[in-house]
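Here is the structure we will look at, set down as structure tokens.
The values are calculated or read from the model by the stated rules, or taken from the named source; none is laboratory data. The shown structure was predicted, so the numbers you read here are calculated from the model rather than taken from an experiment. In this analysis, Cβ positions are derived from the backbone assuming ideal geometry, glycine residues included, and neighbour counts consider all displayed protein chains. Surface accessibility is based on the protein's heavy atoms, side chains included, excluding ligands, DNA and RNA. Shrake-Rupley method; radii C 1.70, N 1.55, O 1.52, S 1.80 Å.
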Amino acid sequence: MSKEKVQIFDTTLRDGEQVPGCKLNTEQKLIIAKRLDELGVDVIEAGFPISSPGDFKSVVEISKVVKNATVCGLTRSVRKDIEVAAEAIKGAVRPRIHTGIGTSESHIKYKFKTTQEDIIQRAVAAVKYAKSFVEDVEFYAEDAGRTDNEFLARVCEAVIKAGATVLNIPDTTGYCLPEEYGAKIKYLKENVTGIDRAILSCHCHNDLGLATANSIAGVINGARQIECTINGIGERAGNTSLEEVVMIMRQHPNLGLDTGINSKLLYDTSKMVSERMGMMVQPNKAIVGANAFAHSSGIHQDGVIKNRETYEIIDPADVGVTESSIVLTARSGRAALAYRAKKVGYELTKLQLDKVYEEFLTFADTKKEVIDQDIHQIIEISKIDIKAIA
């Protein structure tokens with residue numbers, strides 16, 4: 001079955017870096033940008049060039065070192081923003097300007113204090129000006145998630161005529177339900193004249209924990225780019241998680257969608273970003289969390305030891321994890337204890353295992369986790385006649 005490609009637009013270095021305490025210097029950004037390029041992302045949003053001299057410099061340097069991905073600079077629908085971004089990305093092999101404006105009633109009324117017609121005029125002017133610098137122009141309709149679909153379609157149609165090659169439909173506040181967001185993408189796909197000349201893009205925030213679900217709903221309904229970050233890092237509750245959407249499409253071949261991401265680099269890339277940004281990945285984080293492939297329940301452990309697929313839908317090696325972890329706790333069963341004992345050199349008979357298991361439970365009740373060193377102690381306390389396997 002042939003699959004359609006969904007482009008991965010990584011904004012770790014722009015939206016992700018806006019998290020308080022996660023500021024990166026240029027050298028750190030270059031290391032991450034090179035890894036993102038190696039990972040196989042299609043677009044790297046390198047920064048917001050006009051926001052500071054440091055950000056401008058970082059975008060310039062990233063543009064020089066990225067060999068494969070498109071390098072993108074963010075702007076508002078302001079001429080000076082666009083000029084500065086164009087200057088910053090001019091050294092890129094594949095440059096893109098990402099410009100836009102708020103389109104929801106809330107933004108139009110309270111942020112811009114203007115009219116819908118003026119918003120369309122500003123959007124068209126920004127895209128046309130960006131187009132005078134680069135061929136690849138992405139337009140974002142900020143707060144599209146809460147924008148009336150009919151008006152959003154008018155905006156999209158106008159910016160396509162002005163030369164936009166990508167239409168970013170952000171759920172800026174993370175408010176949409178998956179069926180609502182998917183329906184919005186479907187509406188645009190079916191009602192915007194010239195939509196075949198542009199790629200629809202999902203940019204979803206995670207305020208209600210729905211960023212990944214909304215992005216997948218978007219591509220199911222016709223979007224062909226997902227904007228995301230490593231570890232789902234981003235403002236407030238974060239952005240769509242790159243590793244999650246990549247593996248969802250990979251594990252659901254019936255969707256007929258895939259990316260160009262080298263998934264074996266996901267875990268290592270997650271650690272790299274976590275360490276450099278000083279932002280810990282929660283242990284139960286999907287795909288890259290420390291517990292994503294760890295099992296401590298006796299029932300689960302027994303199943304995984306017999307056949308990994310009983311409780312794991314992803315082969316850990318596919319995302320760069322060496323192997324599943326069988327974690328010994330008071331909830332673990334005999335199968336897990338025998339498995340871990342063998343790993344450290346003890347082949348236990350059934351009778352020996354029964355005796356050792358009694359001591360193990362007493363020991364495990366006093367500790368959160370039983371480690372390899374503890375197993376030797378438990379075997380000794382059990383006073384069974386056994387020699388370590390050579």
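Brief remarks follow.
- For segment 299-315, a residue qualifies if it is out of contact with any Gly (no Cβ under 7 Å at 6 or more places or on another chain), open to solvent by less than 20 Å² (accessible area, probe 1.4 Å) and under 17 Å from Arg334 (Cβ atoms), and the qualifying residues are Gly303, Val304.
- Of all residues making up segment 42-54, the number that are in contact with a helix residue (DSSP H, G or I) (Cβ under 8 Å, 6 or more places away or on another chain) and open to solvent by 10 Å² or more (accessible area, probe 1.4 Å): 3
- Condition check for Asp37 on (1) modelled with pLDDT of 95 or more; (2) crowded, with 23+ Cβ neighbours inside 10 Å; (3) within 27 Å of Arg224 (Cα to Cα): one failure, at (2).
- Selection of first residues in segment 313-341 that are on the phi > 0 side of the Ramachandran plot and of second residues that are open to solvent by less than 50 Å² (accessible area, probe 1.4 Å), restricted to Cβ pairs under 7 Å at least 6 apart or on distinct chains, gives the following pairs, ordered by first then second residue: Gly320/Leu265; Gly320/Leu266.
- Filter result for Ala290 (within 26 Å of Lys271 (Cβ to Cβ) and in contact (Cβ under 8 Å) with a residue 40 or more places away in the chain): no
- The residues listed here are Ser296, Ser263; of these, the one that is at pLDDT below 95, polar (S, T, N, Q) and surrounded by 17 or more Cβ atoms within 10 Å (Cβ to Cβ) is Ser296.
- Within segment 129-165, the set of residues being crowded, with 24+ Cβ neighbours inside 10 Å, outside any helix (DSSP H, G or I) and either β-branched (Val, Ile, Thr) or in contact with a Ser or Thr (Cβ under 8 Å, 6 or more places away or on another chain) (or both) comprises Val137, Glu138, Phe139, Tyr140, Ala141, Thr147.
- For segment 135-159, the set of residues classified as of a type outside the set (Lys, Arg), touching a His at 6+ places or on another chain (Cβ under 9 Å) and more than 17 Å from Gly194 (Cβ to Cβ) consists of Tyr140, Glu142, Asp143, Ala144, Gly145, Thr147, listed by residue number.
- Matching option when the condition is touching a helix residue (DSSP H, G or I) at 6+ places or on another chain (Cβ under 7 Å) and either open to solvent by 50 Å² or more (accessible area, probe 1.4 Å) or at pLDDT below 95 (or both), among Lys64, Lys29, Lys57, Lys5: Lys57
- Sole exception among (1) farther than 18 Å from Glu45 by Cα; (2) open to solvent by 20 Å² or more (accessible area, probe 1.4 Å) for Met249, by number: (2)
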